[in-house]
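Quick notes on the structure that follows.
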Amino acid sequence: MALGLGTVALAVYVATLPPSYGDWDVAELQTVAAIFGIAHPPGCPAFTLLAYAFVHVFPFGEPAWRVNLLCSLFVAGSVGLLYAVARRFAIGPVTSALCTLGFAFSFVAWHGATRAEVQSLALLLRALALFFGLRWLDRGTPRDLFAMALCTGLAGATHGIAAFLLPALAFLVVGRPGWNRPRALALIAGGIAIGLLPFAYLPLRSAWIDAHHLEPTLALGLPPGMPLWNYDDPSNWPNFVRLVTGADFHVAGGFAGFFDFTRYPYFGQQLVNQIAHAYGYFGALLALGGACLVVISRRLDGIALAVAALMPVPYTESYSDLQESERYYVLALWCAAILIGIAFERCAALFELRPRSIGWYGAAVCLVASFVACAPERLDFPLQRDDRFGPDFVAEVRSFTPDDAIVVAAWGYSTSLAYAAYVEGTLGHRTVVVGGPTQYIAYVPRWIGHRPVFIVAFDSDLKIPGWNVRLVKSNSYYAYRLTK
């Protein structure tokens with residue numbers, strides 16, 4: 001059944017995949033996977049390694065579509081695991097299937113499964129860590145303890161959000177006698193260490209890129225360490241730490257949220273809102289009830305689920321640089337689906353609704369209706385099959401720039417251009433520079449004598465002192481020709 005539900009989810013995801021590359025972080029990950037580059041902080045090396053292997057082994061579709069497909073596989077795998085874990089909590093097969101499908105087609109899960117999204121792999125690895133942690137709690141098998149630690153390490157090598165799973169896993173580990181024996185501790189430490197090995201990719205690949213001068217922007221006099229090819233140039237220790245810790249962003253503000261106790265009611269409200277957006281208010285009420293039940297009953301496995309859902313919230317809601325924060329709630333929604341199943345079964349027993357009786361089916365229909373009625377924007381997902389924003393945008397840029405142009409583009413647009421330049425090879429001799437309109441203005445005097453310079457930005461009325469800025473294209477973006 002777990003395999004079947006995962007397959008159903010995968011079939012729907014594949015049927016609604018965008019056919020080509022996108023923009024923003026999506027196009028970045030699609031590009032990095034194809035060229036074996038280095039992604040934005042924290043570098044996401046495990047995702048890059050897996051995506052690169054998949055792109056160069058799977059023979060169908062263009063590289064961008066293959067990365068999208070890989071993310072569909074990741075989320076579909078987490079869907080199957082959800083059913084298996086729900087059954088392990090003694091939730092009935094029908095209820096487990098309903099909650100599993102509710103998660104599979106929630107907005108956040110479906111959205112992440114149909115585009116290049118690092119959180120899709122982070123979800124699968126964290127779900128696997130919980131799965132093996134629960135097996136360790138049940139059976140005390142050393143290989144389950146090692147597998148839990150290995151998946152935790154790999155999740156950490158995918159995205160730093162994995163760190164917030166550690167308290168939940170600690171509940172599962174210490175709940176079984178023998179966890180503090182030297183062999184068990186060695187398995188935990190060894191598994192995590194092996195899982196973190198993908199981080200070695202970052203300095204090694206960066207050094208290779210530097211040695212072979214692979215960054216196209218080096219020819220413009222720009223320093224090494226530009227996005228997509230070699231973000232932050234982590235070939236040395238200070239730059240490696242800078243990339244992995246996200247020192248260029250306000251990461252510390254996210255961690256500060258844990259100590260801002262006055263905002264905890266707000267954090268709780270945001271979590272409820274995310275669950276309601278995924279499962280409706282009836283589902284959110286059941287999830288809250290399920291969390292209360294497992295806490296009151298002092299079940300370590302249930303408490304671990306609740307903790308896994310809660311831990312990322314203060315960071316997510318306090319990190320000011322975060323875009324599309326709902327992505328960071330995907331594991332919380334995965335856990336919430338199980339808590340919904342626990343509460344549903346308990347309520348059915350309380351009202352003496354026998355499984356598969358008329359009353360039970362009536363309650364199940366209400367639950368499904370709550371799942372279906374929320375987030376109507378999911379109806380737009382099938383339209384993604386015709387989404388060609390990336391290629392259409394690149395075609396527009398080619399139409400108003402000469403072949404030898406230097407195009408300085410904001411992050412949201414530069415990643416599409418980078419894919420066209422480095423993967424498709426359809427940008428001609430144009431050079432893409434990732435940055436804001438004035439970020440590299442000091443380099444423009446040496447460029448403009450030899451090559452035309454264009455800027456693609458969000459600014460509708462761009463002015464740069466000392467330069468003539470002429471608007472040449474206005475769409476969802478603004479393109480300017482820069483002259484002296």
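For the range 252-289, which positions are surrounded by fewer than 20 Cβ atoms within 10 Å (Cβ to Cβ), under 23 Å from Val108 (Cα atoms) and among the β-branched types (Val, Ile, Thr)?
Across the range 252-289, the qualifying residue is only Val272.
Quick check: is even one residue across the range 315-337 over 27 Å from Ala256 (Cα atoms) and assigned to a helix (DSSP H, G or I)?
yes
Go through the range 348-382 residue by residue and tally those that are under 25 Å from Gly268 (Cβ atoms), loosely packed, with under 15 Cβ neighbours inside 10 Å and touching a Gly at 6+ places or on another chain (Cβ under 9 Å).
Qualifying residue count, the range 348-382: 1.
Count, please, the residues in the range 21-36 that happen to be at pLDDT below 90 and either aliphatic (A, V, I, L, M) or buried (at least 23 other Cβ atoms within 10 Å of the Cβ) (or both).
The total comes to 2.
Considering only residues of the range 290-326 that are farther than 30 Å from Thr245 by Cα and β-branched (Val, Ile, Thr), which is surrounded by the most Cβ atoms within 10 Å (Cβ to Cβ)?
Here the answer is Val294.
When you go through Pro227, Pro234, Pro223, Pro203 one by one, which is the residue that is more than 30 Å from Val174 (Cβ to Cβ) and without any contact (Cβ under 8 Å) to a residue 12 or more places away in the chain?
So the residue among Pro227, Pro234, Pro223, Pro203 that is more than 30 Å from Val174 (Cβ to Cβ) and without any contact (Cβ under 8 Å) to a residue 12 or more places away in the chain is Pro223.
Conditions: (1) touching a Ser or Thr at 6+ places or on another chain (Cβ under 7 Å); (2) closer than 15 Å to Leu482 by Cβ. Val444 meets all but one. Number of the miss?
(1)
Every residue, every condition in (1) in the same structural domain as Leu49 (by TED's automatic domain parsing); (2) modelled with pLDDT of 90 or more; (3) in contact with a Ser or Thr (Cβ under 9 Å, 6 or more places away or on another chain), yes or no:
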| position | (1), (2), (3) |
| --- | --- |
| His159 | yes, yes, no |
| Leu169 | yes, yes, yes |
| Gly175 | yes, no, no |
| Ala193 | yes, yes, no |
| Pro203 | no, yes, yes |
| Leu214 | no, yes, no |
| Pro238 | no, yes, no |
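Check every one of the strands (runs of 3 or more DSSP E) wholly within the range 417-484 and list those with 2 or more residues that are surrounded by 14 or more Cβ atoms within 10 Å (Cβ to Cβ) and among the hydroxyl-bearing types (Ser, Thr, Tyr).
Counting at least 2 such residues, we get 478-483.
Table: residues versus (1) closer than 27 Å to Leu305 by Cβ; (2) without any contact (Cβ under 8 Å) to a residue 40 or more places away in the chain.
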| position | (1), (2) |
| --- | --- |
| Thr316 | yes, no |
| Tyr328 | yes, no |
| Glu345 | yes, no |
| Trp360 | yes, yes |
| Val365 | yes, yes |
| Cys374 | yes, no |
| Asp380 | no, yes |
| Glu396 | no, no |
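Do we find a residue being buried (at least 20 other Cβ atoms within 10 Å of the Cβ) and β-branched (Val, Ile, Thr) anywhere in the range 128-151?
Checked against the condition, which is being buried (at least 20 other Cβ atoms within 10 Å of the Cβ) and β-branched (Val, Ile, Thr), the range 128-151 yields no hits at all.
Does Gly43 fit the bill of being outside any helix (DSSP H, G or I), under 22 Å from the mean Cα position of the chain (by Cα) and crowded, with 22+ Cβ neighbours inside 10 Å?
Against the criterion (outside any helix (DSSP H, G or I), under 22 Å from the mean Cα position of the chain (by Cα) and crowded, with 22+ Cβ neighbours inside 10 Å), Gly43 qualifies.
Filter the range 46-67 down to residues that are crowded, with 23+ Cβ neighbours inside 10 Å and touching a Ser or Thr at 6+ places or on another chain (Cβ under 7 Å), then give me how many there are.
Selection size over the range 46-67: 3.
For Phe146, which of the numbered conditions (1) under 24 Å from Gly175 (Cβ atoms); (2) in contact with a Phe, Trp or Tyr (Cβ under 7 Å, 6 or more places away or on another chain); (3) of a type in the set (Phe, Trp, Tyr) fails to hold?
Just one mismatch for Phe146, condition (2).
The values are calculated or read from the model by the stated rules, or taken from the named source; none is laboratory data. What you see is a predicted model; the values in this text were computed from it and never measured. Because the Cβ atoms are built from the backbone with ideal geometry, glycine has one as well, and the counts that use them run over all protein chains shown.
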